[in-house]
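Enquirer: The structure is given below, and queries will be raised subsequently.
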Amino acid sequence: MSIQHNVSLKEFNTFGIDAKAKYFISISNKEELIEALQLPQFSEYFVLGGGSNMLLTGDIDIPVLHINIKGKEALAVSSQGHVGIEVQAGENWHEFVLWCIENNYGGVENLSLIPGNVGTSPIQNIGAYGVELKDVFTSCTAIDIETLEEKIFMLEDCKFGYRNSIFKNEAKGKYIITSVFFELTSRDHQLNTSYGAIQQELESNNISEPTIKDVSDAVIAIRQRKLPDPKEIGNSGSFFKNPVIPKAEFEVLQEKHPNAPHYVVSDTEIKVPAGWLIEQCGFKGQRFGDAGVHKNQALVLVNYGNAKGEEILALAKKIQKSVFEKFNISIVAEVNVI
Ligand code: EPU
């Protein structure tokens, strides 16, 4: 384990923000993690995974622990066709999905091409196209930063919700996830193609009996059309969460906008796509210096090159204000603003 000084984090966050880490420690196994957490000169740490869900608005003066622990392994296949898999925190999420598809393990194909690492996937319960991490997650192991002991979080311990978990609430900043366990299928895969865009994509490719690879390819094609590739244009995926509003409020909105897209969450609540709200406010495709709103998906803020975190944040605030003024709806950031 070695400490590097004044390291640019530009390559370590998908927004491509050029903030500096005063101390940068790459962690490739649990022993190194425990060692780093015992360094006597530090009491606080910044945990960095794939850097895909953060907006850095300044340099980081506390040590950055870059979790780079690698490895993925199928543990056991049951007679019911289920397979248990353990993946170390530093594995890239999409590479894990591709590995599953190569090995014919089903369950994560709808989550293709999501940026970030496996170890951070439980924090915000990543989700796309009708599937969330919680649907395939069984447990994760984590190190308690205070006691340095290992703790296992079972599915029910994690309190998963829409882009939410215990790791964003009461366990925030207290644990470092080191590996994640999944239960996938090794045959008779339960495909989830109910999300409209997936159906259309499969139909336009004349696929009537899709495999997990077909579903993954469809998701990849849809995402590539809608979402910017962070290697080309810096971004953190959806910048905001989709707001959930009382049904009565939605009915008022619907009177003015009969075609407003929406999803029914419960008898009393409706989720409205923030991308639509932002587009209605005229921001889609707009650019302010190097900060902008993506042209194909208004929910995604982008860095065209050298935007500072503060500039992206200023744009985000401007959007929030505008959406509130027009619709009386508050939209909140999904990414962690640091
Ligand atoms: N829409 C617009 N204009 C836009 C964008 C969207 O009008 O610029 C409307 C359209 O009517 C569209 C609807 O919003 O039908 C929904 O759009 P989309 O299918 O792109 O999904 P989303 O609700 O905007 C969510 C996730 C995405 C995930 C997709 C697909 C959140 C915050 N975002 O976006 O997740 O890929 O569904 O499941 O829930 C991410 O979290 O980083 C992310 C990309």
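The values are calculated or read from the model by the stated rules, or taken from the named source; none is laboratory data. The structure presented is a predicted model; accordingly, all values stated were derived computationally and were not measured. Backbone-built Cβ (ideal geometry, glycine too); neighbour counts: all protein chains shown. Ligands, DNA and RNA are excluded from the accessible area calculation, which covers all protein heavy atoms including side chains. Shrake-Rupley method; radii C 1.70, N 1.55, O 1.52, S 1.80 Å.
Enquirer: Inspect the range 79-96 for any residue being within 22 Å of L148 (Cα to Cα) and of a type in the set (F, W, Y) and give the result as yes or no.
Expert: no
Enquirer: Moving on. Being at pLDDT 95 or above, open to solvent by less than 30 Å² (accessible area, probe 1.4 Å), outside any loop (DSSP other than H, G, I, E, B) and among the β-branched types (V, I, T), is that true of even one residue in the range 311-318?
Expert: yes
Enquirer: Could I ask something else about it? Working only within the range 327-338, note down all residues that are touching a Leu at 6+ places or on another chain (Cβ under 8 Å) and open to solvent by 60 Å² or more (accessible area, probe 1.4 Å).
Expert: Residues satisfying the conditions are N336, V337, I338.
Enquirer: If I245 meets every condition in (1) at pLDDT 95 or above; (2) away from the ligand (no atom under 12 Å from the Cβ); (3) not in a strand (DSSP E or B) apart from one, which number is that one?
Expert: Answer for I245: the failing condition is (3).
Enquirer: Next question. Checking V83 against (1) part of a strand (DSSP E or B); (2) over 20 Å from the mean Cα position of the chain (by Cα); (3) surrounded by fewer than 17 Cβ atoms within 10 Å (Cβ to Cβ), which test does it fail?
Expert: Single failed check for V83: (3).
Enquirer: Give E109, E95 a once-over and let me know the one that is open to solvent by 10 Å² or more (accessible area, probe 1.4 Å) and either touching a residue at least 24 places away in the same chain (Cβ under 8 Å) or not aliphatic (A, V, I, L, M) (or both).
Expert: E95
Enquirer: Something else: Which one of these does G237 not meet: (1) open to solvent by 60 Å² or more (accessible area, probe 1.4 Å); (2) farther than 28 Å from R187 by Cβ; (3) modelled with pLDDT under 95?
Expert: Only one criterion is unmet by G237, namely (1).
Enquirer: While we're on this one: What about E102, is it open to solvent by 10 Å² or more (accessible area, probe 1.4 Å), closer than 16 Å to S179 by Cα and without any contact (Cβ under 8 Å) to a residue 40 or more places away in the chain?
Expert: So E102 does not fit the description; no.
Enquirer: Oh, and also: Of the residues L184, L202, only one is within 16 Å of the ligand (Cβ to nearest atom) and crowded, with 19+ Cβ neighbours inside 10 Å; which?
Expert: L202
Enquirer: Conditions first: (1) open to solvent by less than 80 Å² (accessible area, probe 1.4 Å); (2) free of Cβ contacts under 8 Å to residues at least 60 places away in the same chain; (3) away from the ligand (no atom under 13 Å from the Cβ); (4) out of contact with any Cys (no Cβ under 7 Å at 6 or more places or on another chain). I176 passes all but one, so which condition is the exception?
Expert: (2)
Enquirer: Of the conditions (1) open to solvent by 60 Å² or more (accessible area, probe 1.4 Å); (2) touching a residue at least 12 places away in the same chain (Cβ under 8 Å), P40 clears all except one; give me its number.
Expert: Every listed condition holds for P40 apart from (2).
Enquirer: Right, next: Of everything in the range 258-312, what is among the small types (G, A, S) and either within 19 Å of F327 (Cα to Cα) or in contact with a His (Cβ under 8 Å, 6 or more places away or on another chain) (or both)? Give them in sequence order.
Expert: Listed by number, the residues that qualify are A260, A274, G275, G282, G285, A298.
Enquirer: Which residues, counting only those in the range 281-310, are more than 16 Å from the ligand (Cβ to nearest atom), open to solvent by 10 Å² or more (accessible area, probe 1.4 Å) and in a loop (DSSP other than H, G, I, E, B)?
Expert: G289, D290, Y304, G305, N306, K308 - these are the residues of the range 281-310 that are more than 16 Å from the ligand (Cβ to nearest atom), open to solvent by 10 Å² or more (accessible area, probe 1.4 Å) and in a loop (DSSP other than H, G, I, E, B).
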